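These notes concern the structure reproduced below.
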Amino acid sequence: MALIRSWVESANSPTTEFPLNNLPCGVFSTEETEPRPGVAIGDRIVDIARLEEEGIITPEGGTVFDVPFWNDFMELGEDAWAAFRAQLTALLTEGSSDRERIEPMLIPMANARLHMPFAVSEYTDFYAGYHHATNVGTMFRGAENALPPNWLHMPIGYNGRASSVVVSGTDIRRPMGQLKGADDDRPYFAASGKFDIELEMGAVLGGASDGPVSVAEADKMIFGYVLLNDWSARDIQAWEYQPLGPFQSKATATSISPWIVTRAALEPFRADTPPRIHPLLDYIRDDGPMLYDIDLTVAIQPEGAGHETVLARTNHRELYYSSAQQIAHHASSGCPMNCGDLIGSGTISGPLRENRGSLLELSWGGKEPVEIGNGMSRSFIEDGDRLTLRGGASGDGYRIGFGECTGKVLPAR
Ligand code: CA
């Protein structure tokens, strides 16, 4: 697929994350305006709330953009999403007669502050990266027991807290927690000394379900995707995770990118899941390509350092289970899924050391600290470090990006 040219010149640059092919959904404010829905185009944001006020965009189902989140629009469903995308594409296409009317409704991105793009209804996080699960399992339980017997048969997950999800740019406070002591009878309460990143992507649900759904139906419920960093305290996790899985170690914060890239924009980049080690049961069997060729990086910048260092590079294709399979599994028990649900993919690591999506794996539990330039190294995050996720899909002369997912770690208190 080729670049669709826009009269917004910056949207035609091969390096922009926001060409006309993308049209990702965010919420922005300026000195003059309260938070409101906007769509990124080049180095501008289209004020969607204003487009609706002026009657230029009129989604079926009434006014949906007079609120500082995309949920009301997401609830309208697939046909409304497609109609909106088609209309916005026509308005912004090179040569459009609407240019004069729309141009005053573009805000320079440099003047805008970005907010949470949607209200998170509930947050579930999975553990669907084969290389990540194998690496972590090897460290925690030994190579023989790396993958639990259920892992190759279902996507493993846990219910997280919607309240912990924050938008990119939010500072992250190092957590306090209960840690294992010199022996099991002497735990103590202190700041986590093994605070970590998890490079993930999140699926944002637009559709809802009240009962089981097929993998194909689950895929159609997905409105779009965000970059996601599931901040994790490994020392708290190691002490608490048996028998019911992670709890406080994952409850501090989960950062997401400020733009939801729609499933429609990612359509040309669909990719298959890897070959199955065991055939999957029918209710989560693969039903077409439902991963995406999205390259992902995570970088670190210590406080006062003049530049950042890329820690790892990986790709969404490395996941063993797609978001659609995760949702089909989640709904199979009868668990209702709602518009605004956020489904974390699990950490996405690849087969090589440089593909590892967490410091736990990169430093192999702290045994092999990672060099980050200027004579510095890291086993885990230090106070003042800024961690930034980036990602994108590259088409013919254009790139679909998410904006960065960044956060700086502050000392515990
Ligand atoms: Ca996670």
Residue-wise HN-Hα coupling along the range 237-254, computed from phi with Karplus coefficients 6.51, -1.76, 1.60 (Hz; x: Gly, Pro) = 4, 4, 7, 9, 6, 9, x, 10, x, x, 9, 5, 5, 10, 9, 5, 6, 10
Send over the Kirkwood Rh of the chain, from the inverse of the averaged 1/r over different Cα pairs, rounded to one decimal Å.
-> 21.9 Å
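Determine, for each peptide in 235-243, 378-386, the mean count of other beta carbons within 10 angstrom over its residues, then list the peptides with the highest first. Please list the in-between numbers first.
On the way: 235-243: 17.1, 378-386: 18.9.
Averaged packing, sorted descending, gives the order 378-386, 235-243.
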Likely footprinting exposure, HIS115, HIS132, HIS153, fewest C-beta neighbours within 10 Å first = HIS153, HIS115, HIS132
If we count other beta carbons within 10 Å of each Cβ, what is the order of THR134, THR254, fewest first?
-> THR134, THR254
FRET efficiency for HIS153 and SER97, using Cβ-Cβ distance with R0 set to 56 Å, rounded to 0.05 | 0.50
Can you list residues whose amide H is under 5 Å from ARG173's amide H, if they're 5+ apart or on another chain and H is modeled 1.01 Å from N?
-> LEU410
Interchain or sequence-distant (5+) residues whose placed amide H lies within less than 5 Å of the amide H of ARG356 are ARG313, GLY350
Non-local residues with an amide H under 5 Å from the amide H of VAL27, with H modelled 1.01 Å from N and Pro and chain starts lacking one, are GLY38, HIS115
Once phi is turned into ³J(HN,Hα) by the Karplus curve 6.51 cos²θ - 1.76 cosθ + 1.60 with θ = phi - 60°, what whole-Hz value does each residue of the range 61-74 show in order, with x for glycine and proline?
-> x, x, 6, 10, 10, 8, 10, x, 6, 8, 4, 4, 6, 4
Tell me, what HN-Hα J-couplings in whole Hz come from the Karplus equation 6.51 cos²θ - 1.76 cosθ + 1.60 at θ = phi - 60° for each residue of the range 255-264, using x for Gly and Pro?
-> 8, 10, 5, x, 10, 8, 7, 6, 4, 4
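Can you compute the charge dipole magnitude of the range 9-115 about its Cα centre, using +1 on each Lys and Arg Cβ and -1 on each Asp and Glu Cβ, nothing else charged? Give it in debye, rounded to the nearest 20. If you can, show how the numbers build up before the last one.
On the way: 7 positive and 20 negative charges, 51 e Å.
Using Cβ point charges on Lys, Arg, Asp and Glu, the range 9-115 gives about 240 debye.
Counting only pairs 8 or more places apart or on different chains, how many lysine pairs in the chain have C-alpha atoms closer than 22 Å?
Values: LYS180/LYS194; LYS180/LYS250; LYS180/LYS367; LYS194/LYS250; LYS194/LYS367; LYS194/LYS408; LYS250/LYS408.
Pairs that pass both the separation and distance tests number 7.
Where does each of 175-187, 220-232, 310-322 land if you order them by average Cβ count within 10 Å, highest first?
On the way: 175-187: 12.9, 220-232: 26.2, 310-322: 23.2.
Per-residue mean Cβ counts within 10 Å order the peptides as 220-232, 310-322, 175-187.
Please give the contour-minus-distance gain from GLU303 to ARG285: 0.36 nm per residue of separation, less the Cα-Cα distance, rounded to one decimal in nm.
Details: separation 18, 0.36 × 18 = 6.48 nm, distance 4.62 nm.
Full extension of this stretch gives 1.9 nm more.
Throughout, read-outs are computed from the coordinates displayed, never taken from laboratory work. Model, not experiment: these values are computed from the prediction. Note that we place each Cβ from the backbone using ideal geometry, even for glycine, and neighbour counts take in every protein chain shown.
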